[in-house]
Amino acid sequence: MAQRRLLEGLGVTVTEEGAYRALLRHGPATLSELAAETGSSVTAIRRMLPRLEDLGLISRVAGRPLRLIATPPNIAIDILVARRQEELTHSRAGAALLATEVAERSGPHPEEVLEVVTGRDAVARRYLQLERNASREMLVLVHPPYAVDISDDRENRRRAARKGAPTRGIYSTQAFEHPGMLAHTRRAIVDGEQARLGQVPVKLAVADARTAILPLVSDADRAVESALVVHPSALLDALVGLFETLWRAAVPLRLAAEESLEPEGWPQAADTEVLALLAAGMKDDAIARQLGLSPRTVQRRVQVLCERLGARTRFHAGFLAARRDVLK
């Protein structure tokens, strides 16, 4: 009788599930032991290893010869579900954009809906104009390159002093590769911005759900030389819908210095910063650059946080932190 497949809905093939379940039954095993348990060859098991590790189903036991151990099912399923939820979020975001292809042809003329802005300075001025004129809410998807120079402290102080509309921002992992971006975001949060980390498929700013601006060319290595301004239309509705879909899936980002969140004094503000960046998928070197720490210090802190949360991997630590509201 064929074995019932339990993980098919989470993207695990029958062969991968068979190897994982065999390892659960057998316990820690060498490649040859696992091959014998599954009826496969050692070569086939070795070829399958990277995929099983990427899925979070197995890990390696230190020492020689190479031995494998199965991730406990409750942890493994949590990791697989989190990945599938991320894929669904991408699909929903794509659906929001595809909705514009079936919008009714009646309504404003295209030239009344779309406005093209060319020139780096002109794009920066148009963005700042939208920001200044917003009265209800600014929605921002943050991803390099930046039209506005965030290192310009004078302009940053002027923008903060204006106390404009409340802002919600979703930051991509790549956003924090830019020097000084973490400090800039920390100041924005202190000033009242609600910030989250998540998937950012396109740079975007929406003012009062009535006007949006986004680059015509999406390339993190090129300056923003031209942008598209979108006025009330089905396209604008789709862009707002895209933001709200990404917002629901994003991880809260808290970077402001605060008191301890628990009576035991954990997590400290510094811990939540590391956990938030881990949840976003940032590597130790990138986290170290943004926090002004050495990579070794970050590695030690990540190890302590994993132990505190009962996490087996860096990704799992960020996932558990978000799930337990540690990042809120």
I'm trying to understand the selection: among the residues of the stretch 166-182, which are modelled with pLDDT of 80 or more, of a type in the set (Gly, Ala, Ser) and either in a helix (DSSP H, G or I) or open to solvent by 30 Å² or more (accessible area, probe 1.4 Å) (or both)? Ala175
Please work out which residue is modelled with the lowest pLDDT, limiting yourself to the stretch 221-243 and to residues that are touching a helix residue (DSSP H, G or I) at 6+ places or on another chain (Cβ under 6 Å) and either among the β-branched types (Val, Ile, Thr) or under 16 Å from Thr173 (Cα atoms) (or both). Val224
Could you tell me whether the stretch 185-197 includes any residue that is assigned to a loop (DSSP other than H, G, I, E, B) and touching a Leu at 6+ places or on another chain (Cβ under 9 Å)? no
May I ask you to say which residue of Leu275, Leu246 is modelled with pLDDT under 90, part of a helix (DSSP H, G or I) and either among the small types (Gly, Ala, Ser) or open to solvent by less than 20 Å² (accessible area, probe 1.4 Å) (or both)? Leu275
Inspect the stretch 15-38 for any residue being within 30 Å of the chain's Cα centre (by Cα), of a type in the set (A, V, I, L, M) and closer than 15 Å to Pro73 by Cα and give the result as yes or no. no
Which members of the stretch 188-213 meet the condition of being within 21 Å of Met282 (Cα to Cα) and open to solvent by 40 Å² or more (accessible area, probe 1.4 Å)? Gln194, Arg196, Gln199, Pro201
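The values are calculated or read from the model by the stated rules, or taken from the named source; none is laboratory data. Here the structure is a predicted model, which means the values were calculated and not measured. Here Cβ is always computed from backbone atoms with ideal geometry, including for glycine, and neighbour counts include all displayed protein chains. Accessible surface is based on the protein model in full, side chains and every heavy atom, while ligands, DNA and RNA are left aside. Shrake-Rupley method; radii C 1.70, N 1.55, O 1.52, S 1.80 Å.
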